[in-house]
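Written out below as structure tokens is the structure these notes cover.
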Amino acid sequence: MILSALSAQKYEAFVVGGCVRDSILGRTPRDWDICTSARPDQVHECLVGSCHVIGTGIKHGTVTVAKDGETVEVTTFRIDGKYSDNRRPDRVRFVRTLEDDLARRDFTINAMAYNHERGLVDYFDGLADLVEGRIRAVGDPEARFQEDALRIMRALRFAAFDDFKIEKQTAASLHANKELLRNVAPERVRAELIKMLEGSGSGIDAVLSAFADVVAIILPEIIVAAGVKGIAAAKRADSEAFYQWRRNLVSMRAARRDPIIRLALLLRGIANHNDERLRGDIITDGKILTNTINYSLLNAETAAKALRRLRFSNTEIKTVYELLLYHNIVLESRRSAVKQVLNMFGEHRLRQLIIMMYADASVWLLKDPAVGPDEESKRRDRLYILEQVERAIDEINRGNQCYRIRDLAVDGHDIIAAGVPEGVGVGDALEYLLYRVMNGQVENEKSALLGCLGKFLARWQ
């Protein structure tokens with residue numbers, strides 16, 4: 001409708017950018033962008049009355065058109081002026097041609113336009129790059145990345161999401177201009193990082209293997225995971241750092257497309273093993289075996305600090321913190337043990353931990369000569385336990401079995417009526433009954449629960 005309205009007034013208008021790319025890939029675009037030869041005031045004149053036109057970015061030639069609950073951004077053909085802050089142009093200049101407008105865009109796959117009259121307009125061979133699975137900057141990649149440093153993260157995101165390769169000159173420019181990422185607002189970096197972690201497993205592996213030094217600008221903590229002396233140290237296949245870094249990448253590759261779980265896997269092992277706060281080290285055969293619980297806590301705290309710097313939400317930080325703190329716990333498939341961890345973590349967090357553990361088990365697939373039959377057997381045993389725990393969770397849910405205080409057939413009023421004084425004792429009594437129920441010592445039935453309160457009541461008399 002917008003294209004038709006602008007065309008009827010003799011203006012050129014095209015859908016452009018990501019919506020064209022996604023349509024070619026057979027995806028439903030998340031949003032639609034239009035570029036046009038019409039100036040913002042002319043767009044307003046063409047559409048006023050049939051749509052609500054909002055001057056959201058008049059300075060940069062953009063208006064937002066709203067109709068029936070949907071919005072479309074309409075931007076006048078333009079070229080950008082100097083980017084003093086490597087984030088946004090100091091000024092823009094309107095131009096007459098679509099080609100000039102497309103020449104300012106980041107990557108060829110995003111520099112295609114379409115309308116019904118002209119069909120696909122592709123001045124920079126974006127379609128060929130899309131078919132070949134290639135990320136290539138429009139024109140000079142140095143200029144594109146210096147204009148807007150966030151494009152560095154966008155290149156990694158696009159490559160990871162669809163397992164695309166980054167063209168050689170564009171890749172070299174990514175490494176050369178990585179320091180520019182320090183000029184980008186943390187919120188913008190976070191958004192691109194999350195999208196990158198939603199990508200294909202093999203794509204994320206390839207991107208982090210080739211561009212770890214770039215990601216380390218925004219997450220310098222990963223340098224520790226890849227070797228105290230830096231990312232380069234992790235490239236020696238015989239090094240301990242190499243195994244740690246590959247462990248993170250292989251487990252991320254195996255994990256589901258959950259960006260927060262993958263983020264936790266990426267940040268595993270980022271705490272300094274020589275941190276003086278670590279205690280309980282044991283020396284065996286000349287090797288230092290770090291206390292796992294202490295290191296997991298330090299790792300979780302280090303990760304939380306990094307995520308706060310990147311403006312992750314409190315919920316996201318808490319999730320990563322708990323996944324890193326508890327991912328080494330030993331699960332048992334006994335029904336009572338499963339109920340206890342369900343009570344401790346809740347179903348959602350426990351399932352996240354299990355996903356992380358499944359991914360971690362994939363590390364044994366690394367072609368490491370140190371991994372012999374015994375280690376492979378341990379891997380199979382762990383996978384079997386995880387499968388049994390998942391099955392137990394499903395059965396507990398189907399049977400509405402009790403593992404939380406709110407599932408008990410009694411509540412605080414019943415406990416007080418049975419003679420337990422108001423206050424802390426009521427909560428203790430409920431915890432006592434829950435423990436008995438989860439361990440199969442009493443049925444979750446009101447009379448049975450109240451009947452087994454005798455020993456507990458003796459404490460209060």
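No lab work stands behind these numbers, since they all come straight from the coordinates. What you see is a predicted model, and the numbers here were worked out from it, not measured in a lab. Glycine gets a Cβ as well: all are built from the backbone with ideal geometry, and neighbour counts include every protein chain shown.
Calculate the dipole size of the chain relative to its Cα centre from +1 charges on Lys and Arg beta carbons and -1 charges on Asp and Glu beta carbons; express the result in debye to the nearest 20. Write out the running numbers ahead of the final one.
Details: 66 positive and 65 negative charges, 111 e Å.
Here the chain has a charge dipole of around 540 debye.
Just the number, please: percent antiparallel of the DSSP beta bridges in region 1-147, rounded to the nearest 5.
Values: 22 of 27 bridges.
The antiparallel proportion sits near 80 percent.
If we count other beta carbons within 10 Å of each Cβ, what is the order of His116, His60, fewest first? Each step should come with its number before you reach the end.
On the way: His116 9, His60 15.
Ordered by Cβ neighbours within 10 Å, fewest first: His116, His60.
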query = For the chain, with the dipole built from +1 on Lys and Arg beta-carbon atoms and -1 on Asp and Glu ones, taken about the Cα centre, which of Val16, Phe456, Val437 lies farthest toward the positive end?
reply = Phe456
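Is the shape of region 1-132 rounded, prolate or oblate, going by the alpha carbon gyration tensor and its root eigenvalues a ≥ b ≥ c, with a/c under 1.5 for rounded and a/b larger than b/c for prolate?
On the way: a/c = 1.58, a/b = 1.15, b/c = 1.38.
It is oblate, given that a/c is not under 1.5 and a/b is not larger than b/c.
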key: Sequence-distant residues sharing a close amide H with Asp33 (under 5 Å, placed H)   = Val16, Cys19
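Rounding to the nearest 20 debye, state how big the charge dipole of region 405-458 is about its Cα centre with +1 on each Lys and Arg Cβ and -1 on each Asp and Glu Cβ. Each step should come with its number before you reach the end.
Working: 4 positive and 8 negative charges, 28 e Å.
Magnitude of the dipole: close to 140 debye.
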message = Using a Cα-Cα cut-off of under 18 Å, which aspartates and glutamates could be cross-linked to Lys59, ignoring same-chain neighbours fewer than 8 residues away?
response = Asp33, Asp41, Glu45, Glu73, Asp80, Asp85, Asp90, Asp101, Glu147, Asp148
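By count of other Cβ within 10 Å, fewest leading, how are Cys46, Cys402 ordered?
Numbers: Cys46 24, Cys402 19.
Sorted ascending by nearby Cβ count, the order is Cys402, Cys46.
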inquiry  = Sort Leu433, Leu457, Leu386 by Cβ crowding within 10 Å, fewest neighbours at the top.
reply    = Leu457, Leu386, Leu433
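In the structure displayed, which of Lys165/Lys378; Lys339/Lys446; Lys168/Lys195; Lys178/Lys318; Lys318/Lys378 lie more than 25 Å apart, Cα to Cα? Provide the component values of the computation, followed by the final result.
On the way: Lys165/Lys378 36 Å; Lys339/Lys446 20 Å; Lys168/Lys195 23 Å; Lys178/Lys318 29 Å; Lys318/Lys378 30 Å.
Flagged as over cut-off: Lys165/Lys378; Lys178/Lys318; Lys318/Lys378.
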